[in-house]
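Peer 1: First, the structure itself, so that you have it in front of you.
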Amino acid sequence: MKYFKKRMTVIITLLLTIPFVSLLTIDSPLETGGSVGAAKAQETYPRNETLYAFIDGGRRTVPDNFNPYTTGWISSAGHNQIAQEYLFYYNYENGTLMPWLAKGYSLSDDYKTLTIYLREGITWSDGVEFNASDVEFTYNMLLTPHTPPLSYEERVQDEIESVEAVDATTVVFHFKKPNPRAPYTDLFSVMIWGSVYLVPKHIWKDVDPTTYKNNPPVVTGPYNLSSYSENGDLYVWKRRDDWWGTKLFGIQPAPKYIVYVAYATEEATALELAANKLDVGGYITPGTFKALRETNPNITAWYPHEPYAWAEVCPLFFPINCAKYPWNNPKVRWAISYAINRTELNVVAQEGTAPPFGNLFSPYMEPRFLNAVAEKEKEYNPLEYNPAKTEQIFTELGWKKGDDGIWVTDNGTRVEFEVLTHSGWLFIRKYGEDLADQLRRVGIDATAKLLTGTAWSNAYSTGDYDGNAMWFCASVNEPYPTLVWFHSKWARPIGTVCPSNNVRWSNATYDEIIDQMASMSPKDPQYIELFKRAMDILYQEMPAIPTTHQPALIAYSNTYWTNWPSSENPYIQPYFQCATWLFVVLNVKSTYVPPVKPPTPPTPPPQPTVVEVIPSWVYALAAITVISIVVAIWALATRRR
């Protein structure tokens, strides 16, 4: 009944509001956006040439920062998706690594040297040639220590010894130790979100990469920044007519403009989708999606039927800050796990589309890895919901409940817990709020700390949280990226940014296992056994708690654009916020059919003048008739006299 009432409320809201929404333009008045110049007030774009997309996570809090190596860059407002391009992209739907800026690679037999071969004929958006010197410069920039460290800097320094451009299209990387999976990591390929961001040497060699805003960005992709709003809720990208892909492959993206727009609520997003003012609506909840489809039948998702959503590579989880008391005790972390009802999380936050998920790995891993995970799940039963065990653990630790029903630790600390929660998505907000509700039921004074944008990411990366209601993106085809994320070499004191291991957990035995796996091919028979040993420690210590699947219910409108990825057309994953969305943009087609004017009838040739010739006898007869009448009239007149 609650679901029915909610659904009817959404439908009625949509029906009542659409007539008014349709009177507005989606483009609000824009103020100067900085280096790209002032946008025109109330500027509109031809609807049949413009694709409108949702800014994932809401408006950008630093709207003029286009530097991908610093905190707060605009990433999900188009830069990472349609402007920045990468060497390789991984396609989940067919399990292939797609060469792009690169045309191929070779890995030495000892796994210590990677050679990447670039395509010829690629140019930056300012017309300068893209070549191996740009790649060499980018990685050498990351091999140079900076304060604060650039994105990927610590990863690059941990794995790469040196890089050299052999010629204009060949780059050689030398690793510090064997790296058999190098091409399949985000140091070189887009595995999920993005990869190392290649930058133009002729510009970046003269700037400080820690402060440079890169505005406007010079890119290799098919779109250039055209304008953006001062408050970070609208970005306009215009198609490049000189894009290298058109010259090399003969392809050109159909949308002339792509406009990224931010909305504060899911309801506002749904209204724009219903009114055909938005083409890509981002992650939405099932109830809103169903109501939306009843209002606008052109709205689709991955599946045409329930569960509608595509299976995310990134499961939801609950990372715990292991550097804070009392969460630094693995028994306490297990007690929290016992307090979580994953079935309730599925129903309340995901409306039945996210069943409980007992591990932290990708469902797209090879079957042999998934089988190993299933074996350990059965052994440790990490999904067990048992509040009685929570109470038992706390009691055995010497904790007692106060008069207000909240636990107090053995050293007198009242047990309070902040659940860091990103408020940019309704389903994540509901997920975090329900986690806090469940912890309160077992006597923990828990609250959901709602943040968005840079504030949220800073809190997580610097350790300003107790637990975080979020998703875990690491592994794709094999487990190592998830495992190495927990390596203690990434842990930092609270207040310092962690490049990985945001839970700040450490275990020396675990580190040794991961170090062994690092230099080992995933095909090595010992690899699985080491994987199982690593999982034993993760389950025993529980630095991050598995919870549920994450459904990717991404709403697409087929009113103006079609050929979106789907279960019936799975040419690539449907991510709209990740770099692989470039290939969605290159595949979408316009539904616009120009009106056909009826042919103008040809002008008839000039007609000759027709002169009819009257026979002479007719003239004679007429003359006789006239004379006879005149004579008769004269005779009559004479008689009367």
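The values are calculated or read from the model by the stated rules, or taken from the named source; none is laboratory data. These numbers were taken from a predicted model, which means no experiment stands behind them. Counting neighbours? That spans all protein chains shown, and the Cβs are built from the backbone with ideal geometry, glycine included. Heads up: the accessible areas ignore ligands, DNA and RNA and are worked out on the full protein's heavy atoms, side chains in. Shrake-Rupley method; radii C 1.70, N 1.55, O 1.52, S 1.80 Å.
Peer 1: Taking square-rooted eigenvalues a ≥ b ≥ c of the alpha carbon gyration tensor, is the stretch 314-396 rounded, prolate or oblate, where a/c under 1.5 means rounded and, failing that, a/b exceeding b/c means prolate? List each step's numbers first, then the result.
Peer 2: Numbers: a/c = 1.83, a/b = 1.45, b/c = 1.27.
It is prolate, given that a/c is not under 1.5 and a/b is the larger ratio.
Peer 1: Next up: Over the chain, what is the percentage of antiparallel beta bridges among all DSSP beta bridges, to the nearest 5? Write down the numbers at each step before the final one.
Peer 2: Working: 51 of 69 bridges.
DSSP beta bridges in the chain are roughly 75 percent antiparallel.
Peer 1: Suppose a student asked you for the relative contact order of the chain, using Cα pairs under 8 Å spaced at least 6 residues apart; what percent would you report? Please list the in-between numbers first.
Peer 2: Values: 1246 pairs, mean separation 116.7, N = 641.
After rounding, I find 18 percent.
Peer 1: In the structure displayed, which of Lys176/Lys205; Lys430/Lys589; Lys376/Lys401 lie more than 31 Å apart, Cα to Cα?
Peer 2: Numbers: Lys176/Lys205 26 Å; Lys430/Lys589 35 Å; Lys376/Lys401 34 Å.
Beyond 31 Å: Lys430/Lys589; Lys376/Lys401.
Peer 1: What net charge is computed for the residues neighbouring Pro363, neighbours being all others with C-beta under 15 Å from the C-beta of Pro363, Lys and Arg scored +1, Asp and Glu -1? The partial results should precede the final answer.
Peer 2: On the way: positive: Arg368; negative: Glu93, Glu312, Glu366, Glu377, Glu478.
Summing Lys/Arg as +1 and Asp/Glu as -1 gives -4.
Peer 1: In whole percent, what relative contact order does the stretch 138-227 give with Cα contacts below 8 Å and a gap of six or more residues? Mind dumping the intermediate values first?
Peer 2: Numbers: 75 pairs, mean separation 19.5, N = 90.
Worked out over the stretch 138-227, it gives 22 percent.
Peer 1: At 1.4 Å probe radius, can you tell me the per residue accessible area of the stretch 233-306 in Å²?
Peer 2: Working: 2540 Å² over 74 residues.
Per-residue value: 34 Å².
Peer 1: Quick one: what does P(r) look like for the stretch 54-195 with 10 Å bins over all Cα pairs, in whole %?
Peer 2: In whole percents, the pair-distance histogram is 11, 37, 38, 13, 1.
Peer 1: Please give the per residue volume of the convex hull enclosing the alpha carbon atoms of the stretch 102-144, rounded to a whole number of Å³. Provide the component values of the computation, followed by the final result.
Peer 2: On the way: hull volume 3.2 nm³, N = 43.
Cα-based convex hull of the stretch 102-144, divided per residue, equals 74 Å³.
Peer 1: Quick check on the stretch 426-538: take the gyration tensor over C-alpha atoms, sort the square-rooted eigenvalues as a ≥ b ≥ c, and tell me if it's rounded (a/c under 1.5), prolate or oblate. Before the final figure, lay out each step's value.
Peer 2: Numbers: a/c = 2.21, a/b = 1.92, b/c = 1.15.
Cα axes put the stretch 426-538 in the prolate bin.
Peer 1: Right, next: Could you list, by residue number, the cysteines of the chain that have no other cysteine's beta carbon within less than 4.7 Å of their beta carbon?
Peer 2: Flagged as lacking a Cys partner: Cys322, Cys498, Cys578.
Peer 1: Separate question: On full extension of the chain, what length is gained from Leu248 through Thr170, given 0.36 nm per residue of separation minus the C-alpha to C-alpha distance? Intermediate results must be reported in sequence, preceding the final value.
Peer 2: Details: separation 78, 0.36 × 78 = 28.08 nm, distance 1.86 nm.
Length gained between Leu248 and Thr170: 26.2 nm.
Peer 1: Please compute the length gained on full extension between Asp437 and Lys589, using 0.36 nm multiplied by the number of residues separating them and subtracting their Cα-Cα distance. If you can, show how the numbers build up before the last one.
Peer 2: On the way: separation 152, 0.36 × 152 = 54.72 nm, distance 4.54 nm.
Using 0.36 nm per residue and subtracting the Cα-Cα distance, I get 50.2 nm.
Peer 1: If I model a spin label at Asn381 and Ser488 as a point 7 Å from the Cα along the Cα→Cβ vector, what separation in nanometres do I get?
Peer 2: About 3.1 nm, to one decimal.
Peer 1: Placing +1 on the Cβ of each Lys and Arg and -1 on the Cβ of each Asp and Glu in the stretch 154-261, which of Leu234, Ile160, Thr211 has its Cα farthest towards the positive end of the resulting dipole?
Peer 2: Among Leu234, Ile160, Thr211, the one farthest towards the positive end of the dipole of the stretch 154-261 is Leu234.
Peer 1: A further question on this structure: Based on the Cβ-Cβ distance from Ala455 to Arg368, what FRET efficiency comes out when R0 is 60 Å, to the nearest 0.05?
Peer 2: Details: r = 41 Å, r/R0 = 0.69.
Working from the Cβ atoms, E equals 0.90.
Peer 1: Also, quick follow-up: Let me know the shape class of the chain, please: from the alpha-carbon gyration tensor, a ≥ b ≥ c as square roots of the eigenvalues, rounded when a/c is under 1.5, otherwise prolate if a/b is greater than b/c, or oblate. Intermediate values should be presented prior to the final figure.
Peer 2: On the way: a/c = 2.99, a/b = 1.99, b/c = 1.50.
Because a/c hits 1.5 or more and a/b exceeds b/c, the chain counts as prolate.
Peer 1: Taking the simple approach of a point 7 Å from Cα along Cα-to-Cβ for both Thr44 and Asn329, what is their distance in nm?
Peer 2: 6.5 nm
Peer 1: Let me ask another. Run the simple label-point estimate for Ser519 and Leu397 please: 7 Å along Cα→C-beta, distance reported in nm.
Peer 2: 3.9 nm
Peer 1: Something else now. With a sphere of radius 13 Å drawn around the Cβ of Thr462, what net charge do the other residues whose Cβ falls strictly inside it have (Lys, Arg +1; Asp, Glu -1)? Display every interim value, and only then the final one.
Peer 2: On the way: positive: Lys324, Arg492, Arg504; negative: Asp464.
Cβ neighbours under 13 Å give a net charge of +2.
Peer 1: Provide the FRET efficiency to the nearest 0.05 for the Glu267-Val497 pair, computing r from the beta carbons and using R0 = 51 Å.
Peer 2: Working: r = 34 Å, r/R0 = 0.67.
The formula returns an efficiency of 0.90 here.
Peer 1: Add +1 for every Lys or Arg and -1 for every Asp or Glu among the other residues with Cβ under 11 Å from the Cβ of Gly281, and state the total. Show your work: numbers first, answer last.
Peer 2: Details: positive: Lys277; negative: Asp56, Glu266, Glu272, Asp279.
Value of the local net charge: -3.
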